[in-house]
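**Student:** One structure, as structure tokens, below. Some questions next.
No value in this document is a laboratory result; all are computed from the given coordinates. It should be emphasised that the depicted structure is a prediction, and the values quoted were computed from it without experimental measurement. Here Cβ is always computed from backbone atoms with ideal geometry, including for glycine, and neighbour counts include all displayed protein chains.
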Ligand SMILES: Nc1nc2c(ncn2[C@@H]2O[C@H](COP(=O)(O)OP(=O)(O)OP(=O)(O)O)[C@@H](O)[C@H]2O)c(=O)[nH]1
């Protein structure tokens, strides 16, 4: 027994349980058992036993086959269930994502378009033929070549997946942007594509947002205005090209820095405090700012700052737009000057005189003082023009203007009304007599000879003087008319002298 056990162990160890050995041992066992039964009980018993063994064997086979079939059936059902679940999951995922599905039989050209695919284009389930031509006729003509090229490249095996973006015509004639992705899922032995599956994603909103972003980026980059964006703490996070052109600072030099680096120092702390207050309360600020370029040059610009707030009303960024208006400002100042100053002598003109006279009249009355207004007309000026030419006349007018100005005190005003007529306004006089030294100085200044083109030019002046305030209230025009009348009296009296209004 011990030896047999050892042999069996070896047999198992050496893997001798091959079908041949197994069957040979079984046959030997059966023949031995058959001989034993036949020798003890005879043929009848042996036949009965064999019949019994046959019945047991067939029954066992039947039982085993049934069990195997039942197990196979159970596995098939399980696989089917898993497949259904998997299909359900995929269908749910694709339909739930809003994407449309297509399944193309490349060989015969038929295509399955999912309900969602058709719905995306505004079509009902029955409104689209299951043909590839349906897709081709709906793709925007401008996008067709590109998408077909991408498709062909994938069919030829040149790209691992097919992906294209194109516009597709909907039922109502409008176009939707579609992202189309797919791949060949089966090929013939020769590598010919047999079936291809893909999905359609509606990216219209995304495209529109992208276009808006591109537009905004283009405006930002190419705007003539300088644009500076800061974070909520006021640190610069982006600037455009015009910013660099206007300020002289490159983008890298200012990122992360405070816009204070542009400050010229011309604006007070109160100015910036008011700006921040407006930004926090109103969300925007607009005004003129004097800044300093990298070169050190101070320049003026009109600046518009807006706070960018999130849905919760928290300020996220500040966007500042500004344009360099130095040239405009200079031009404005030039126009302002031309409007108020005489082009030949650069003295205040009639307009500015009226303004200053008005202010002076208010001031002297408040201070309890007096002002004198002298109307000056040159004597014999026409002769200068006639004898030496207009240029000589201009030269004399400029010379006389400078000298008269020097004859007056600082704070007094000398204006040119036109031609050879001037007006001098002398402020802060204690009484009428206080102006007499100035009147003499004016006459002397006018009478001083001037040289031009080798000629000596000389004129004199007649001055008519009036004072303010007077017993009767009067305005600046009335004052001027009084002085004009007094000047006429001075002319009548022989010129080169002054006359007070109302004094014969
Ligand atoms: N050169 C020059 N002449 C001017 C200008 N404006 C006016 N005139 C001339 O100045 C002259 C002024 O004329 P009047 O004041 O009548 O001549 P006037 O010789 O001074 O006469 P009286 O005042 O009576 O002494 C005119 O001949 C004008 O043509 C100017 O801008 N430049």
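**Student:** Kindly express, to the nearest 10 degrees and within the range 0 to 90, the angle between helix 390-407's C-alpha long axis and the longest C-alpha principal axis of the chain.
**Tutor:** The two axes meet at around 90 degrees.
**Student:** Between residue 410 and residue 351, what is the label-point separation in nm under the 7 Å Cα-to-beta-carbon projection?
**Tutor:** Rounded to a tenth, the inter-label distance reads 2.8 nm.
**Student:** So if we plug the beta-carbon distance of residue 61 and residue 185 into 1/(1 + (r/R0)^6) with R0 = 60 Å, what FRET efficiency do we get, rounded to 0.05? Walk me through the numbers on the way to the answer.
**Tutor:** On the way: r = 43 Å, r/R0 = 0.72.
FRET efficiency, residue 61 to residue 185: 0.90.
**Student:** Just subtract the alpha-carbon distance of residue 302 and residue 44 from 0.36 nm times their residue separation and send over the number in nm, one decimal. Walk me through the numbers on the way to the answer.
**Tutor:** Details: separation 258, 0.36 × 258 = 92.88 nm, distance 12.64 nm.
Here the answer is 80.2 nm.
**Student:** So how tilted is helix 326-340 from the main axis of the chain? Cα-based, degrees 0 to 90, rounded to 10.
**Tutor:** Taking the Cα atoms of the chain, the angle to 326-340 is about 20 degrees.
**Student:** Still on this model: Can you give the helix-only mean residue ellipticity at 222 nm for the chain, where every DSSP H stretch with n ≥ 4 adds -39500 (n - 2.57) and the sum goes over all residues, rounded to the nearest 500 deg cm²/dmol?
**Tutor:** Numbers: 15 runs with 251 residues, N = 504.
Calculated at 222 nm, the ellipticity per residue is -16500 deg cm²/dmol.
**Student:** When only Cα pairs under 8 Å and 6 or more residues apart are kept, what is the percent relative contact order across the chain? Walk me through the numbers on the way to the answer.
**Tutor:** Values: 717 pairs, mean separation 36.0, N = 504.
Once normalised by length, the contact order is 7 percent.
**Student:** Between the alpha-carbon centers of segment 382-402 and segment 120-158, tell me the distance in whole angstrom.
**Tutor:** 89 Å
**Student:** Determine, from the Cβ-Cβ distance of residue 288 and residue 145 and an R0 of 51 Å, the FRET efficiency 1/(1 + (r/R0)^6), rounded to the nearest 0.05.
**Tutor:** Details: r = 54 Å, r/R0 = 1.07.
My answer for the efficiency is 0.40.
**Student:** A further question follows. At 0.36 nm per residue, minus the direct Cα-Cα distance, what do residue 28 and residue 383 gain on full extension? Give it in nm, one decimal, please. Walk me through the intermediate numbers first.
**Tutor:** Details: separation 355, 0.36 × 355 = 127.80 nm, distance 16.33 nm.
So the extension gain works out to 111.5 nm.
**Student:** State the antiparallel share, in %, of DSSP beta bridges confined to segment 341-500, rounding to the nearest 5. Show your work: numbers first, answer last.
**Tutor:** On the way: 25 of 30 bridges.
The antiparallel fraction comes to roughly 85 percent.
**Student:** Is the C-alpha gyration tensor of segment 221-349 telling us rounded, prolate or oblate? Criteria: a/c under 1.5 is rounded; beyond that, a/b larger than b/c is prolate, otherwise oblate.
**Tutor:** Prolate, since a/c reaches 1.5 and a/b exceeds b/c.
**Student:** Going by a ≥ b ≥ c, the root eigenvalues of the Cα gyration tensor, does segment 307-397 fall in the rounded group (a/c under 1.5), the prolate group (a/b larger than b/c) or the oblate group?
**Tutor:** It comes out oblate by the Cα gyration axes.
**Student:** Treating the angle as unsigned and between 0 and 90°, give the value, to the nearest 10°, between the Cα long axis of helix 436-447 and the longest Cα principal axis of the chain.
**Tutor:** Orientation of helix 436-447: about 90 degrees from the principal axis.
**Student:** Take the alpha carbon atoms of segment 162-236, find their center, do the same for segment 283-340, and report the distance between the two centers in whole angstrom.
**Tutor:** 38 Å
**Student:** Order of 90, 102 from fewest to most other C-beta atoms within 10 Å?
**Tutor:** Values: 90 11, 102 19.
With the sparsest Cβ surroundings first, the list reads 90, 102.
**Student:** Quick check: residue separation of residue 129 and residue 488 times 0.36 nm, minus the Cα distance between them. What number comes out in nm? Write down the numbers at each step before the final one.
**Tutor:** Working: separation 359, 0.36 × 359 = 129.24 nm, distance 10.59 nm.
Between residue 129 and residue 488, full extension yields an extra 118.7 nm.
**Student:** For the chain, taking Cα atoms only, what is the radius of gyration to one decimal and the Dmax to the nearest whole Å?
**Tutor:** Cα-based Rg and Dmax for the chain come out at 54.8, 187 Å.
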